[in-house]
Every structure is written in C-alpha cells, then in structure tokens.
1. At 0.36 nm per residue, minus the direct Cα-Cα distance, what do SER51 and GLU83 gain on full extension? Give it in nm, one decimal, please.
2. Within 13 Å, Cβ to Cβ, of ALA79, how many net charges do the neighbouring residues add up to if Lys/Arg are +1 and Asp/Glu are -1?
3. For TYR41 paired with ASP98, estimate the spin-label separation in nm (one decimal), with each label point 7 Å from Cα along the Cα-to-Cβ line.
4. Between TRP112 and GLN154, what is the FRET efficiency for a Förster distance of 41 Å, r being their Cβ-Cβ separation, to the nearest 0.05?
Amino acid sequence: MTDATADLAAPSGVGSQARSARLRLVSWVLLGVVVVVTLGYGALDDGGTRSNAERAAALAQTIACPQCSGQAVGESDVAIAREIRADIARRVERGETDDAIRQVYADRYGDWVLLTPSSSGVTGLVWVVPVVATAGGVAALVLAFLRWRAVPPQHATAADRALVAQALEGRPAVGPDRSEDPADATDPAS
C-alpha cells in the first residue's frame, strides 16, 4: 500500500471529533452565560449613588421639550425648557422619585413627552420584543447549525480501501516529494 493509499484508507479519529464537538458546545454555552450575566449586570447597575444635580440632569434628558422638535429639556435653551429643568431640580430636592417626576410631565403634556418608554403595560413591549426576537433568532441559528452537523461522518470501509488501492496500483507516484516530474508523463491522447 502506498503512502497516498494509507492516507485515504485511514479512518479519521471519531473520538477527537466528539471531543471537538463537545468543546464547541461548551464554548457556546459559556459565551451565552457571559452575555446574559453582562446584560443582567448592565440592566441592574444604577451607577451608584448620584447627587441631586446629577439626578436632575439625567431626568432632564428623559423628558422632551414641549416647544422644541426632538430635543430633551436638558439640551434645549428655550424658556420653557429652562423652567422645566428648574422644576425638576426643585422636585428632586424635595425627594420625589424619578418616576413621579416623569409622570407629572406626562400628565401635563401627554405620554409623548417621555423620551424613555415605561417598562410596564403595553409600552413594556418596546423593551421585551427586541430581546425575544433576538433570542428567537439565535435559537433558530443554533438549531439550523445543529441540523447541518447532524449528518453522521462517513468512514471508509474495507471494500472502499481495497477499491482505492486497486485504482492507485500501477499508477506512477507523482507529487512534490517524488522524483518523477508530471510534465514528463506521456499523454495517452497524443
């Protein structure tokens, strides 16, 4: 049996393929855990204790200016935006919660003034739908990849090896490590 025949006839390591598949699966699971933990930490972390001025500035960025188009009261310099910023600062100093302050302006001007939708009720879907859609897409991709890999590997049988050996018998060994030059071989068609 020549070297080429031995290479073709040798079965690939089934055990190493199984270990490789397990390692890939474990890697993907660990990546998923890291992503979930990171997202959870980011969602729950409030940035620590903030001063009243920082709270008021952050709140001013979540309320739209009633007079300006597409600007938060924290960015606008019109008179009503300055008044709202001052009112927000007073309410923060009195100890009102962020949600209560936002609700005051939603009641006064309508829900459109809230630049950050609430996370409850029907508007809570704004937060949930993208996460569910992304998770569904990832799950669909994982299932598709698993189906594509589900085809069992084909291994050469003894009859296959014998057929390859028979086909290679009588042919000159040609290649980079052989002495025969393929250009010197005679073309049977000529």
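What follows is calculated from the coordinates using simple rules that are stated; it is not laboratory data. From a predicted model like this one, the values you see are computed outputs, not experimental measurements. Here the Cβ is made from the backbone with ideal geometry for all residues, glycine too, and neighbour counts use every protein chain on show.
1. 9.5 nm
2. Net of charged neighbours comes to -1.
3. Placing both labels 7 Å beyond Cα along the Cβ direction yields 2.0 nm.
4. After rounding, the FRET efficiency stands at 0.05.
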